[in-house]
Amino acid sequence: MASDVDDSVAVGVIGAGFIAQVAHLPALASIAGCRIAALADNRLELLDQVAKRYAIPRRFNDYREMLASPDIDAVLVVMPRRAQSAVTRDVLGKGLPALTEKPMAYTSAVANELVQLAKANDVTLAVGYPRAYDCGVGLFRTLLESEKAEGELGELLHVRVADFCGAYTVPMPPHTRGTKPRPFRYSEDPAAPMFLEPKLHQAYDYTINVMSHDLNLVRSLFGDPLEAITFRVRPGGVQHAVLAAAAVDVELSVGPASLGVWDQRIDVYFRKGCLSLVLDSSLARQSCGVVVRRHSGGEEERLMPPIAKRKFAFDLQAEAFIESVRCGVPFCPDGEMAAKDIATIENLWRIASVAS
């Protein structure tokens, strides 16, 4: 630890923008064994306002100066997506554990480089997919494993995932928006694999930014391998993939429809029924996933964790990261899992059919 007197984990945060303010900083500030020791952002006005709100004692307009500080135990990286991997590389290179917002990289080559760097320095590389810590997702995982093991609903047939969420659909918590452009930008790694034509980079960005959430969740529920079978990209941003898991095919569709409600769900079909997970907005603090269990006789059950056991997914994710730093407990999803997601996305784009 950074201090012989204070044994709390001292976290440095790189990035003072929207997601840092509405999700990560409140989560870290709520943990008894954690203190936010420093904040870095090159937008000085925003840096000062956010640091004051969270009583962060040290401020840096260049994150590299913060990384040279001896009193940082771990780092949260919340940068613009295309700068994430380059900044995370610097953090890991200093031998510091990192929790990075997704995507941790845009290509599997860079993702694997970060995984190896974390291993070489024997530090945690955690990737921010908060759905892994949603209480409703935890209940769904438990019930899904029970159904697969006990067979009450019969043979597992098919999985369908739909994610058509064009907006967060919840009132935004108080936050400060920067009013001035960044005075300088940090270096960025490639924004797409070399085999992909530049005209497809924007659509690839959507896959990495949106579909990766669903893909990561599918991988956590059904494991490896996930083999890319078909991938279709339509005008307007709709993307549809079919993947083969170990025992079942998975249909995965995403699109930017703004419906006024969050519309993300997983339907797992069995011979005698269906187990579904219906998700609320990732920023809905008081909500969690709802499990719907349907039987062949027409009965339907709606299941949720008890209110006393529900907690905001970002809070649980932050707690897991601090526990990993403090005690060496494995964090999931880690860099290796996220690197597999990126490799799967690259494989989808290798076989992509793009509608004009």
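Just so it is clear, none of the values below were taken in a lab; they were calculated from the coordinates. Everything quoted here is computed from the prediction, not taken from an experiment. Backbone-built Cβ (ideal geometry, glycine too); neighbour counts: all protein chains shown.
Given the options LEU200, LEU215, LEU243, which has the most mean-square fluctuation in a GNM of the chain, springs set between C-alpha atoms less than 10 angstrom apart? Highest fluctuation of the listed residues: LEU200.
Projected label points at GLN286 and GLU188, each 7 Å from Cα along the beta carbon direction, are separated by 3.9 nanometres. For the set LYS119/LYS340; LYS94/LYS180; LYS102/LYS311; LYS52/LYS180, the pairs lying more than 24 angstrom apart at their alpha carbons are LYS94/LYS180. Between ALA149, ALA191, ALA228, the GNM of the chain built on Cα springs shorter than 10 angstrom shows ALA149 fluctuating the most. Across PHE60, PHE184, PHE314, mean-square fluctuation computed from a Gaussian network of the chain (C-alpha pairs under 10 Å connected) peaks at PHE184. Between THR169 and SER296, the distance separating the two model label sites (each 7 Å from Cα on the Cα→Cβ line) works out to 3.3 nm. Extension gain for the segment ALA355 to ILE307, taken as residue separation times 0.36 nm less the Cα-Cα distance, is 12.7 nm to one decimal.
Given the rule -39500 (n - 2.57) for each run of at least 4 DSSP H residues, summed and divided by the residues of the chain, what is its mean residue ellipticity at 222 nm, to the nearest 500 deg cm²/dmol? Could the numbers behind the result be given before it?
Values: 10 runs with 107 residues, N = 356.
Helix-only estimate at 222 nm: -9000 deg cm²/dmol.
Approximating the spin labels as points 7 Å out from Cα along Cα→Cβ, the ARG234-to-ALA246 distance works out to 3.3 nm. Couplings 3J(HN,Hα) for region 351-356, derived from phi with the Karplus relation 6.51 cos²θ - 1.76 cosθ + 1.60 (θ = phi - 60°), are 10, 5, 10, 10, 7, 8 Hz, where x marks Gly and Pro.
With a Förster radius of 45 Å applied to the beta-carbon distance between LEU259 and ASP6, the computed FRET efficiency rounds to 0.45. Over the C-alpha trace of the chain, radius of gyration and Dmax come out as 20.6, 64 angstrom. Per the Debye calculation on region 83-186 with a single equal scatterer at every Cα and no solvent contribution, log₁₀ I(q)/I(0) for q = 0.11 Å⁻¹ amounts to -0.63. Stretching the chain fully between HIS158 and ASP71 yields a gain of 26.3 nm (0.36 nm per residue, less the alpha carbon separation). Summing charges over neighbours of LYS180, with a neighbour being any other residue whose Cβ is under 9 Å away from its Cβ, gives +1 when K and R count +1 and D and E count -1. Once the Kirkwood radius over Cα pairs is known for region 5-157, the Stokes-Einstein relation at 4 °C and 1.567 mPa s delivers a diffusion coefficient of 76 µm²/s. For region 292-297, putting each phi into the Karplus relation 6.51 cos²θ - 1.76 cosθ + 1.60 with θ = phi - 60° gives couplings of 10, 10, 10, 10, 5, x Hz, in residue order, rounded to whole numbers and with x for Gly and Pro.
For region 118-130, 3J(HN,Hα) computed residue by residue from phi via the Karplus equation (6.51, -1.76, 1.60; θ = phi - 60°) reads 4, 5, 4, 9, 6, 10, 6, 10, 9, 10, x, 10, x Hz, glycine and proline entered as x.
Would you mind getting the Kirkwood hydrodynamic radius of region 139-273 from its Cα pairs, rounded to one decimal in Å?
On the way: mean 1/r = 0.0569 Å⁻¹.
Taking every pair of different Cα atoms in region 139-273, averaging 1/r and inverting gives 17.6 Å.
Once the Cβ-Cβ distance of THR179 and LEU200 is raised to the sixth power relative to R0 = 41 Å, the FRET efficiency obtained is 0.75.
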